Structures are given as C-alpha cells and as structure tokens.
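Step one of this worksheet: look at the structure below.
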Amino acid sequence: MTTQKQSYREALRSGIEQALMEDERVFLMGEDVGRYGGCYAVSKGLIDSYGPERIIDTPLCESGFVGVGIGAALGGMRPIIEVMTVNFSLLAMDQIVNSAATLRHMSGGQFNVPLVIRMACGAGRQLAAQHSHSWENLYAHIPGLKVLSPATQTDARYMLGQALRDPDPVIIFEHVMLLNEAGNVLDKPEADMEQALVRREGTDVSLITYGGSLHKALSAAEQLAVLGISAEVLDLRCLRPLDIGTITASVAKTHRVIIIDEGWYTGSLAGEVSAVIMEQSFWSLDAPVQRICTAEVPIPYPSHLELAALPQVETIVTRAQALMAGHL
C-alpha cells in the first residue's frame, strides 16, 4: 500500500475533486465555495477546473441552498452541500430534519435523498461561540441521517466518496483544528465508512473518541504508556449508526472506559455511547464509565478560557490514572 503526505484540508479537496471527475452528476454548492475557494480554503481552485455550473456560490441562505440540494438529489444529481459551520446549519434544520431525513420513509421507500452535507465543527481557533460548537450529537439523534466524523487524512480523503455512494443523506463533520494537520494518506480507504477502528491497541483502558479529539486521546495514550498504563484508542468514525460491535469488543478487552467528546456533557454523544456500554457490556466493566466533555458554557473567545472549556490531554491522563487506581 502506497501513501502520500497531505494536510487534512488538501485531503478533503482531493476527495471532492475525485468525486467531480468520476461523476458528472456531482456538484459542490455553498457560500463562498467558488471564487473565494471556501471559507476554510477547502475548495480553492476547483471553480477554475469545473466552472460555476458545478462549483456554485450561493447567497447567505442555508435553508434555501440545502433545500435546492435535496431537490437536486431527488432529481438524480449527487450534490455536495457545504454549510460553513455547524452553527449555521441550524438555519437549514427544517430542510435537513423534516425533508432530507424523512422523505424515504414518508414515500414508503419510493424516494431516496442521496445528499452529502459537509460542515465545519469544533473549537480551538478563537472563533467564539457562534462558530465553534460541536453538535454532532444533535444530528446523530435523527433517524434517516448518517453522520460521519473523519479524524485522519485518509478518512478526510475517502469518506466523501463513500458517502456519495450511499442512497441516503449523509452529514460529514470536519473539525477546524485538523485542517492544517499533515499526515499520510493511504491509496484506498481503511474501512467501510460505518466501521469504527482501533487506532492504538491497549489492555487497561479504552479511550473512545472521534474527530478532533482523536489526536488528544492518542497523545494521552502515549503519556499513559510511560506511566505503565496500556490505553486502547478507539476512533468511532461514524456517529450514526454506531459500530457497537467494535465498542463492546474493546470494553471486553480492557474492562474500563473513558469517552472523550467535544460536545457538552448533558445529552452528549458520550452519554449515548455510555448507555450502549451499560446495556451491552455491563458485566465486562471493572469501573464506572467515565465521560470527558466540554464545559457546559458557550465556547469562549479568550484563548485561555477556550482551552479551559475543552477536553485536554492532561485531563484524560489524570482521569485514566484515577480509574486504574480505583479512585473512580
């Protein structure tokens, strides 16, 4: 298997470009995706190669252009809709929840909506509360949607193509702190988009996470290894549907779990994963499931407060040590 080094941003762009090359029905639509090259420069230069009919700039009207995407998908096209940040996607919530997610069921299976919606999420760049939240759990709550969270450059490269082949609407969350990170991109996907992957083997505690928190969990695992604690790191990758088999297999191996989730604690995806473990792996546990989530405040603008609000490596290490010592 060969590899090439790309930033997460470059990997996302390569995935979009491959989709555009392979299928004339594919087009990209959203605010500033064309002449400006995307708010996060993911689509930079694509309009020069594919023109304004396939790289389509839209007005500031999320409900409108997401609705157009749903109509195009119903008409046989394969739209990629870019919503600048997850916060703005709330303006299109009616289209996503009441139309895209429901039409297959309401039509008795006659109509699928093969639509992919990409959006940035996450904090760490001092973009303040209205541009920094992590509401993956909100979309993962909704039946009819599939929700992906690529955390590696290889997943950033290939998950879009996998999502476009799905007959139903797929939401892809791209964490803003990963955009400049460079890494090896494999020449093919590592797994089906709905499969969770063990990113580091371990025997003492499972660190279950996804997206922007994966690298924090891996860094914590390295520090824990120095302290004599073997941590397994599980990357969920797909947040709906969850790969429950891989989660329970990891719990059966380590018997202790910490879930790291950049969403807020109350009603978090971490809470859902914890409930699944309690239902299906209760007798494998040697200690209560732990959750490390974002502080329950709007994401602050000042850097020191923003860092304080988010899950950090030091917190994961400290919690794992306490768990292993039987203090939790």
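The values are calculated or read from the model by the stated rules, or taken from the named source; none is laboratory data. This structure is a prediction, so every number in the text was calculated from the model and none was measured. Ideal geometry is used to build each Cβ from the backbone, glycine not excepted, and the neighbour counts take in all protein chains shown. These area figures cover heavy atoms from the full protein model, side chains too; ligands, DNA and RNA do not enter into them. Shrake-Rupley method; radii C 1.70, N 1.55, O 1.52, S 1.80 Å.
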So which residues in region 27-39 are in contact with a strand residue (DSSP E or B) (Cβ under 6 Å, 6 or more places away or on another chain) and in a loop (DSSP other than H, G, I, E, B), if there are any at all?
GLU31, VAL33, GLY34, CYS39
Among what's in region 127-141 and is in a loop (DSSP other than H, G, I, E, B) and open to solvent by 20 Å² or more (accessible area, probe 1.4 Å), pick the residue that is nearest to ILE80 (Cα to Cα).
TRP135
Listed residues ALA92, ALA129, ALA156, ALA101; which is over 24 Å from THR209 (Cβ atoms) and touching a Pro at 6+ places or on another chain (Cβ under 7 Å)?
ALA101
Could you look through region 169-200, keep only residues that are open to solvent by 60 Å² or more (accessible area, probe 1.4 Å) and over 18 Å from the mean Cα position of the chain (by Cα), and pick out the one that is modelled with the highest pLDDT?
ARG200
Residue satisfying all of: in region 201-215; in contact (Cβ under 8 Å) with a residue 60 or more places away in the chain and surrounded by 23 or more Cβ atoms within 10 Å (Cβ to Cβ); farthest from ALA151 (Cα to Cα) among these:
VAL205
In region 87-96, anything buried (at least 17 other Cβ atoms within 10 Å of the Cβ) and over 18 Å from ALA129 (Cβ atoms) is listed as ALA92, GLN95, ILE96
Which residue out of ASP32, ASP23, ASP48 is of a type outside the set (Gly, Ala, Ser), without any contact (Cβ under 8 Å) to a residue 12 or more places away in the chain and open to solvent by 30 Å² or more (accessible area, probe 1.4 Å)?
ASP48
Just one of the numbered conditions (1) over 25 Å from ASP192 (Cβ atoms); (2) polar (S, T, N, Q); (3) surrounded by fewer than 19 Cβ atoms within 10 Å (Cβ to Cβ) is not true of GLN280; which one?
(1)
Which of the following residues is in contact with a Phe, Trp or Tyr (Cβ under 7 Å, 6 or more places away or on another chain), in a strand (DSSP E or B) and open to solvent by less than 30 Å² (accessible area, probe 1.4 Å): LEU234, LEU239?
LEU239
ILE247 being in contact with a strand residue (DSSP E or B) (Cβ under 9 Å, 6 or more places away or on another chain) and outside any helix (DSSP H, G or I)
no
Single condition ASP155 does not satisfy, out of (1) under 24 Å from CYS293 (Cβ atoms); (2) open to solvent by less than 20 Å² (accessible area, probe 1.4 Å); (3) touching a helix residue (DSSP H, G or I) at 6+ places or on another chain (Cβ under 7 Å)
(3)
Those residues of region 264-282 that are in contact with a Leu (Cβ under 9 Å, 6 or more places away or on another chain), modelled with pLDDT of 95 or more and over 22 Å from THR203 (Cα atoms) come to a total of 2
Scan of region 283-316 for residues that are at pLDDT 95 or above, assigned to a helix (DSSP H, G or I), out of contact with any His (no Cβ under 7 Å at 6 or more places or on another chain) and surrounded by fewer than 20 Cβ atoms within 10 Å (Cβ to Cβ), ordered by number
TRP283, VAL313, GLU314, THR315
